[in-house]
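Participant: Dropping the structure in here first, questions after.
Bear in mind that the values in this text are calculations on the coordinates, not laboratory data. Please read all numbers here as calculations on a predicted model, not as lab measurements. Here the Cβ positions follow ideal geometry from the backbone for every residue, glycine too, while neighbour counts run over all protein chains shown.
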Amino acid sequence: MSILKTIALSSTVLCMALTPSFAAKQGQKAGKIAVNDTFSDWGINWGSSGKYIAKILITEHNGQIIVCGTGYLKGAITANFNNQALTGTYLTMNGENILNGLRFFSNARSAKNLSKAKANCAYTKAKGPIKDSDKFLLESRRNKYWD
């Protein structure tokens, strides 16, 4: 093989190795969808200070698992405390952390608007498809808020 063919072949292999993957990164925005009956109820109970009421959906998009959500903060609890809790919340799939933080959730502005809201979605680091045997759990760095 000539030197030019070897260089051309080596360049092709190098270009293929350096071509970035088009898989979305964990936490990258995946768009918005309207809340519907496939969403589950979720929330953070702040006791007598109030609660964060949310709708959440775990589904697939472009071969990756995504999380979509919207929420409403009700009561005397400050948004700052609630945002800290959302930042500290993470999603596990079969015991492996696949998404850190839920601050991307949209704000429904009222409990009445929750079922009509547009939910923000973000990619996890997990690939689809979702199997019936897959177990998802939302946890906090300090407490478990929901299972």
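Participant: When 1/r is averaged over all different Cα pairs and the result inverted, which Kirkwood radius in Å belongs to region 24-140?
Facilitator: Details: mean 1/r = 0.0697 Å⁻¹.
With all distinct Cα pairs of region 24-140 included, I get 14.3 Å.
Participant: Count charges around G75 for me, please; just the other residues with Cβ under 15 Å from its Cβ, Lys/Arg as +1, Asp/Glu as -1.
Facilitator: Numbers: positive: K51, K74, R109; negative: none.
Local charge sum for G75: +3.
Participant: From the Cα gyration tensor of region 23-83, with a ≥ b ≥ c the square roots of its eigenvalues, which class applies: rounded if a/c is under 1.5, or else prolate if a/b is larger than b/c, or else oblate?
Facilitator: Prolate.
Participant: Aspartates and glutamates within cross-link reach of K118: Cα-Cα under 18 Å, excluding same-chain residues under 8 positions apart?
Facilitator: D37, D41, E60
Participant: Next question. Enumerate the amide H contacts of L102 below 5 Å, restricted to partners 5 or more residues apart or on another chain; note that Pro and chain-start residues carry no placed amide H.
Facilitator: T87, T89
Participant: Sticking with this structure for a sec: Which entries in the list K29/K51; K74/K112; K32/K55; K29/K74; K29/K131; K55/K112 go over 19 Å, if you measure between the two C-alpha atoms of each?
Facilitator: The answer is K29/K51; K29/K74; K29/K131.
Participant: Counting every Cα pair in region 84-147, what percent are over 13 Å apart?
Facilitator: Counting pairs separated by more than 13 Å, the tail of P(r) holds 68 percent.
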